[in-house]
Amino acid sequence: MRRIVYDAEQIAERVRELGAAISEAYPDGNVLALGLLKGSFIFLGDLVREITRPLQVDFLVASSYGDAMASRGNVRLVYDPETQLEGKHILLVEDIVDSGRTINRLMGLLGERRPRSLEICALLHKHLATELRYPVRFVGFDAPNEFLVGYGLDHAENFRHLPYIASLQ
Ligand code: PRP
């Protein structure tokens, strides 16, 4: 059973607003948008085209879910960004904040690279992450506590290509 939670038009409008807010927050640019793969691949592509400041793009690959419907909390860094992080305004781009463990682990790692600033942009935030130690500065939607797929989000690697976000519940 699939219920559309955010359709393509709603997502596009919100991504435009996020791009405007991010552009305003970094008047001088020098932003490095770091997309966490795989989930953020569509969001990052849409978001950076709405940011009107000098910007670079790189990726991080971590893994926590596997094929299960629940987070196990082990975050593995599979790809480390090649770009120099020191002195840059790093914007970590996430598709969804669920338990918050991924963010906690990655922010610790990135903070050690001495960026000029370090902020998080998440398209979806479930707000149930009691363990989350960092504020999410840019949030697309306050998401329901349901299993969401589409627009980059998967279930067992399926549904990432959907242009909308749906709930499997
Ligand atoms: C998912 C999602 C987030 C993270 C959120 O990634 O894309 O990165 O889990 O969960 P948390 O807040 O409970 O840590 P996943 O590990 O499934 O990898 P994927 O992006 O390749 O789908």
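For beta carbons closer than 9 Å, sequence separation of 6+ or different chains, a first residue in segment 117-134 that is under 18 Å from L60 (Cβ atoms) and hydroxyl-bearing (S, T, Y) and a second that is at pLDDT below 95 and not in a loop (DSSP other than H, G, I, E, B), the qualifying pairs are Y134/I103; Y134/N104; Y134/M107. The residues of segment 1-47 that are polar (S, T, N, Q), closer than 19 Å to E119 by Cβ and modelled with pLDDT of 95 or more, listed by number, are S23, S40. The C-beta contact set for segment 77-104 (first residue charged (D, E, K, R) and more than 6 Å from the ligand (Cβ to nearest atom), second residue assigned to a strand (DSSP E or B) and modelled with pLDDT of 85 or more, distance under 6 angstrom, 6+ apart or interchain) comprises K88/L32. I'm checking my understanding of the structure. Among residues of segment 79-113 that are over 20 Å from V57 (Cβ atoms) and in contact with an Asp or Glu (Cβ under 7 Å, 6 or more places away or on another chain), which one is surrounded by the most Cβ atoms within 10 Å (Cβ to Cβ)? Step by step, filter segment 79-113, then rank; the result is G100. Residues that are buried (at least 16 other Cβ atoms within 10 Å of the Cβ) and in contact with a helix residue (DSSP H, G or I) (Cβ under 7 Å, 6 or more places away or on another chain) were ranked within segment 135-164; the one that is farthest from L92 (Cα to Cα) is Y164.
G152 passes every criterion in (1) within 9 Å of the ligand (Cβ to nearest atom); (2) of a type outside the set (D, E, K, R); (3) out of contact with any Ser or Thr (no Cβ under 7 Å at 6 or more places or on another chain) apart from (3).
The values are calculated or read from the model by the stated rules, or taken from the named source; none is laboratory data. Just so it is clear, the structure is predicted and the values come from calculations on it, not from any experiment. Cβ sites come from the backbone with ideal geometry, for glycine too, and all protein chains shown count toward neighbours.
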